[in-house]
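Only one structure is covered here, and it is reproduced in the block below.
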Amino acid sequence: MDYFSHTIMKKALITGITGQDGSYLAEFLLSKDYEVYGLYRRTSMDVFERLGDIKDKIKLLQGDMTDTGSLIRNLREVEPDEIYNLAAQSFVPASWTQPLSTGDMTALGVTRLLESIRLVNPKIRLYQASSSEMFGKAQEVPQTEKTPFYPRSPYGVAKVYAYWITTNYRESYGMHASNGILFNHESPKRGKQFVTRKITHSVAKIKLGMQDYFELGNLNAKRDWGFTGDYVEAMWKILQQDNPDDFVIATGHAHSVREFVEEAFKVVGWK
């Protein structure tokens with residue numbers, strides 16, 4: 001009996017697998033001997049760049065957070081033990097120009113996924129990617145699991161909805177559904193439209209003589225930046241708890257954009 005219990009692989013389904021977090025999480029779960037499935041939206045472009053060498057080690061499925069039928073079909077096909085919902089329209093400025101589609105995917109998409117889990121197998125464990133953007137105009141420093149939300153963008157509002165609908169399904173149906181409220185986490189796989197990669201990419205180009213300068217907004221803005229590799233391990237640990245709950249994941253240290261720029265130039269030996 002022990003032999004068989006050790007050979008049965010857990011199955012994990014990751015939505016948003018083509019993003020920064022999804023690719024790091026897939027790599028981490030493979031190291032834990034999971035059978036990893038990834039849900040992605042079909043586009044006319046190759047979206048698997050971040051998956052690199054692990055693409056052949058995972059099973060990719062087409063689906064969409066705005067299409068309940070595709071979610072139910074994939075859950076029935078995969079029969080996952082755990083689902084990590086990382087799918088979202090996650091670029092905050094874009095949520096102002098696309099508020100309805102942001103709400104449809106980032107908020108209502110979570111309801112569709114929860115309802116699909118409830119119908120197919122309510123024993124599936126769900127990790128919902130919540131965000132520090134829900135705190136927005138922070139009501140206290142530091143923010144904890146008890147801090148009231150005050151979102152300041154359509155993205156933040158959508159994430160608050162997703163947080164509460166996850167909590168409601170957990171409490172109403174007894175589902176193992178948890179929210180991870182992650183503060184900023186960065187890596188070389190971060191998209192270049194985000195400030196951290198904009199800085200590092202621009203500094204590298206300046207060092208190589210490919211551009212002379214770059215422009216940023218408020219240099220005094222502060223953020224709590226962690227490393228994505230650490231944060232995906234936290235996601236996994238959240239789903240290994242006996243009881244579902246909500247967790248803030250952060251370093252506890254804030255740094256200004258100015259500090260980030262200074263550090264980036266130090267790396268290339270410039271002030």
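What follows draws every value from the coordinates through simple rules; no lab data is involved. Worth saying up front: this structure is predicted, and the values here are computed from it rather than measured. Here Cβ is always computed from backbone atoms with ideal geometry, including for glycine, and neighbour counts include all displayed protein chains.
Tell me, what HN-Hα J-couplings in whole Hz come from the Karplus equation 6.51 cos²θ - 1.76 cosθ + 1.60 at θ = phi - 60° for each residue of region 229-245, using x for Gly and Pro?
x, 5, 6, 6, 5, 4, 4, 4, 4, 4, 7, 8, 5, 4, 10, x, 6
Any idea what the dipole of region 196-271 comes to, in debye rounded to 20, about its Cα centre with Lys/Arg Cβ at +1 and Asp/Glu Cβ at -1?
540
In a Gaussian network model over the chain where Cα atoms closer than 10 Å are linked, find which of Thr228, Thr106, Thr147 has the largest mean-square fluctuation.
Highest fluctuation of the listed residues: Thr147.
For region 38-166, how big is Rg over Rh, using alpha carbon atoms and the Kirkwood form of Rh?
1.00
Hey, got the dipole for region 17-120? About the Cα centre, +1 on K and R Cβ, -1 on D and E Cβ, debye to the nearest 20?
For this selection, approximately 220 debye.
What are the extents of the Cα atoms of the chain along their three principal axes, listed from largest to smallest and rounded to whole Å?
Cα extents, longest axis first: 61, 42, 39 Å.
Answer with one residue from Leu108, Gln89, Tyr40: the one whose Cα lies farthest towards the positive end of the charge dipole of region 1-118, charges on Cβ with Lys, Arg +1 and Asp, Glu -1.
Toward the positive end, the furthest listed residue is Leu108.
Near the amide H of Leu182, under 5 Å away, which other amide H atoms are found, from residues 5 or more places off or on another chain, if H is placed in the peptide plane?
Here the answer is Ser130, Ser131, Ser132, Ile249, since their amide H atoms fall under 5 Å of that of Leu182.
Output the pairs from Lys123/Lys192; Lys123/Lys159; Lys59/Lys237; Lys146/Lys237; Lys10/Lys189 with a Cα-Cα distance over 29 Å in this structure; if there are none, say none.
Checking Cα-Cα distances, Lys123/Lys192 exceed 29 Å.
Please list 3J(HN,Hα) in residue order for region 119-128, calculated via the Karplus relation 6.51 cos²θ - 1.76 cosθ + 1.60 where θ = phi - 60°; whole Hz, with x for glycine and proline.
Ordered by residue, 3J(HN,Hα) equals 6, 8, 6, x, 7, 4, 8, 10, 9, 9 Hz.
In the chain, what percentage of the DSSP-assigned beta bridges are antiparallel, given to the nearest 5?
Roughly 5 percent of the DSSP beta bridges within the chain come out antiparallel.
May I ask you to derive the relative contact order of the chain, considering only C-alpha pairs under 8 Å and at least 6 residues apart, and to give it as an integer percent?
17
In the chain, with Lys and Arg counted as +1 and Asp and Glu as -1 at Cβ, which of these residues, Thr18, His185, Trp270, has the Cα nearest the positive end of the dipole, that is, farthest along it?
Of the options given, the answer is Trp270.
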